[in-house]
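K.L.:
Sharing a structure below in structure tokens format, with a few things to ask.
What follows is calculated from the coordinates using simple rules that are stated; it is not laboratory data. It should be emphasised that the depicted structure is a prediction, and the values quoted were computed from it without experimental measurement. As a convention, Cβ positions derive from the backbone with ideal geometry for all residues, glycine included, and neighbour counts pool all protein chains shown.
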Amino acid sequence: MGNSTDDLKDPSPGDNELIYTYNRELFYHFDKEKGFTQEVHYQNPDNQVIIKQSWDAAEQRLDEVKQLVIIGKLSPIAYYMEKILMEVPMLAAYMEISKWRVKRHLKRKVFNKLKPEILAKYAAIFEIKVEALKNPDFLK
Amino acid sequence: METKTMINYTHRQAGHCESGATSNLLRFYGEDMSEPMAFGIGNGLYFSYIPFLKVQFAPMISFRNLPNTVFHRGMKYLGIDATVIKKFKDPKEAMLALDRNLEKGIPTGMQVGVFNLTFFPPEYRMHYNMHNLVCFGKEGNLYHISDTVMETAQVLTYEDLLRVRYAKGVFAPEGKMYWINNVPGNLDIKAAVAMGIKKTVYEMIKVPFPLIGVKGLRWMGRDLRKWPKKHGVTKASFYLGQVLRMAEDFGTGGAGFRYIYGAFLKEAGEKFNHTELLEASEMMGKTANRWREFTYIGARNCKSRSQPQEDYGMLGDMMIEIAGMEEQVYRKLDKIKL
């Protein structure tokens with residue numbers, strides 16, 4: 001790229017490591033002399049930090065839910081739902097049941113009484129065995 | 001039984017998934033249309049900010065139009081015969097319809113969710129249902145896929161493709177597919193460009209609702225200043241991160257599509273020898289660069305979590321300034337006669 005947009009370019013090389021290097025994407029740039037140009041490169045380090053932020057937040061949420069499951073306040077469904085980044089409305093859509101029912105199933109007491117068919121359906125969505133849904137590893 | 005159908009379709013990478021797919025489909029039918037042109041004609045550019053609706057735990061922000069707008073409006077404005085099937089009740093029927101298209105040699109676009117899209121970059125695999133790809137071949141159980149985010153063409157199994165076409169949640173694709181039937185010989189691109197610009201100008205400055213277009217940008221700028229006080233530093237940083245993710249993540253071409261739109265104005269200006277369009281394109285390019293500055297400063301803010309609150313005030317001001325810059329572009333475009 002030209003020199004005129006240097007202040008807009010990535011910060012000095014080396015002070016940031018790239019976290020995600022799976023695929024290079026097409027980006028557009030603008031510069032007064034050259035006009036609009038296209039370039040294929042990885043997301044710049046600053047944007048990668050932003051992407052990581054949302055994964056870190058997800059991890060933190062998962063950790064919080066895990067603690068609540070351990071103290072018996074929430075059911076393992078809450079944990080596995082969080083693990084695949086879902087929220088109640090989406091899980092209800094996959095389960096083909098109403099949202100309030102899913103919300104109830106997040107309570108440990110209700111969960112203990114769930115029918116095997118329903119458990120199996122949840123397990124299939126989470127892609128785990130029913131046994132793992134009933135007794136997650138971290139509870140053992 | 002081993003069946004093989006392969007359409008001679010060229011995969012080209014693009015900034016935005018849907019305008020990339022639209023442009024590639026048009027090129028397949030011999031109409032050399034660039035991605036920015038498809039994006040501009042099809043009203044890709046948009047902005048909405050809905051603070052009371054939370055998506056992925058942050059206010060809903062969108063820099064793009066609803067899914068399928070680019071293809072649908074683009075085809076309408078260009079006067080091209082195309083089909084959009086919004087929904088298939090039966091997933092198997094949706095796959096059969098795709099197979100029939102492939103046998104007829106029709107490359108077919110589809111809306112999909114990215115969470116289970118096996119070839120997709122892992123860092124983007126969240127529950128996002130507004131992605132587009134084009135299928136152009138089948139070999140046994142494997143489908144050949146052109147996804148404009150990816151550098152090369154990809155393959156998906158029958159099961160995986162069915163799964164992403166029936167991802168659930170907000171904007172669930174429900175098996176939506178679309179394709180071009182016939183491209184007439186002499187397209188009136190000038191008229192299409194005029195219609196596309198008119199609609200985008202309407203959506204960005206004339207919608208009588210405060211959360212859409214430039215007004216939405218200003219509203220977000222004002223809210224941005226208050227975030228640290230209202231929600232605490234951690235949440236404010238996450239919200240700010242969400243704005244930046246929406247603007248810079250996959251399929252935007254950078255700066256919330258503003259570069260692509262500027263490139264569209266430039267191409268149209270050159271094509272029709274129109275000075276004012278060229279001026280508008282330069283203004284858009286500068287706005288896009290300002291957007292990129294905003295995302296750089298914002299990203300640094302997110303990186304160090306214990307930031308003084310003044311930074312949010314500065315970012316909010318910057319957002320309002322950007323809104324003003326954008327508004328000037330749309331006002332200028334509003335006066336242009338093609």
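K.L.:
Go ahead and run the numbers for FRET between B:LYS87 and B:ARG12, Cβ-Cβ distance against an R0 of 30 Å, rounding to 0.05. Can you show the working numbers first?
P.N.:
Values: r = 29 Å, r/R0 = 0.96.
In this case the efficiency is close to 0.55.
K.L.:
Below 8 Å, C-alpha to C-alpha, sequence gap of six or more: please give me the relative contact order for segment B:1-139 in percent. The partial results should precede the final answer.
P.N.:
Numbers: 190 pairs, mean separation 39.3, N = 139.
Reported relative contact order: 28 percent.
K.L.:
State the three equivalent ellipsoid semi-axes of chain A, derived from the C-alpha gyration tensor as the square roots of 5 times its eigenvalues, in descending order and whole Å. Before the final figure, lay out each step's value.
P.N.:
Details: eigenvalues 421, 54, 29 Å².
Equivalent-ellipsoid dimensions as semi-axes: 46, 16, 12 Å.
K.L.:
Something else about it: Rank the residues B:ILE61, B:ILE297 as a footprinting-exposure proxy: fewest other Cβ atoms within 10 Å of their Cβ go first.
P.N.:
Values: B:ILE61 22, B:ILE297 16.
Ascending number of Cβ neighbours within 10 Å: B:ILE297, B:ILE61.
K.L.:
Please report the projected area of the protein assembly as shown's Cα convex hull averaged over all directions, in nm². Write down the numbers at each step before the final one.
P.N.:
Values: hull surface 97.7 nm².
Dividing the Cα hull surface by four gives the mean projection, 24.4 nm².
K.L.:
Here's a follow-up. Please give the helix B:275-303 orientation as an angle from the longest Cα principal axis of chain B, in degrees from 0 to 90, rounded to the nearest 10.
P.N.:
Relative to chain B, helix B:275-303 is tipped by roughly 70 degrees.
K.L.:
So how many Å³ per residue does the convex hull of the Cα atoms of chain B work out to? Kindly include the intermediate steps, with their values, before the conclusion.
P.N.:
Values: hull volume 42.0 nm³, N = 338.
So the per-residue hull volume is 124 Å³.
K.L.:
Calculate for chain A the 222 nm mean residue ellipticity that helices alone would give, adding -39,500 (n - 2.57) per DSSP H run of length 4 or more and normalising by residue count, nearest 500 deg cm²/dmol.
P.N.:
Details: 7 runs with 70 residues, N = 140.
About -14500 deg cm²/dmol.
K.L.:
For B:VAL214, B:VAL329, A:VAL65, A:VAL88, what's the fewest-to-most ordering of other Cβ within 10 Å of each Cβ? Intermediate values should be presented prior to the final figure.
P.N.:
On the way: B:VAL214 23, B:VAL329 26, A:VAL65 20, A:VAL88 16.
Ascending number of Cβ neighbours within 10 Å: A:VAL88, A:VAL65, B:VAL214, B:VAL329.
K.L.:
Can you list residues from other chains, or at least 5 along the same chain, whose modelled amide H is less than 5 Å from the amide H of A:GLN43?
P.N.:
A:GLU25
K.L.:
Can you give me the C-alpha center-to-center distance between segment B:228-291 and segment A:16-77, rounded to a whole angstrom?
P.N.:
What the calculation gives is 19 Å, centre to centre.
K.L.:
Along the three principal axes, how long is segment B:206-333 when you take its alpha carbons, biggest first, rounded to the nearest angstrom?
P.N.:
51, 30, 21
K.L.:
Moving on to the next point. For Cα pairs less than 8 Å apart in space and 6+ apart in sequence, what is the mean separation divided by the residue count of segment B:114-230, i.e. the relative contact order in percent? Write out the running numbers ahead of the final one.
P.N.:
Working: 108 pairs, mean separation 17.5, N = 117.
Once divided by the residue count of segment B:114-230, the mean separation gives 15 percent.
K.L.:
OK, next. Relative contact order for chain B: what is it in percent, counting Cα pairs under 8 Å that are at least 6 residues apart?
P.N.:
Contact order relative to length: 21 percent.
K.L.:
A further question follows. Test of understanding: ordering A:MET81, B:MET284, B:MET6 by Cβ neighbours within 10 Å, fewest first, what list do you get?
P.N.:
Numbers: A:MET81 25, B:MET284 30, B:MET6 12.
In order of increasing Cβ crowding within 10 Å: B:MET6, A:MET81, B:MET284.
K.L.:
Under a point spin-label approximation (7 Å from Cα along Cα-to-Cβ), what is the A:LEU62-B:ASP99 distance to one decimal in nm?
P.N.:
Once both label points are built, they end up 3.7 nm from each other.
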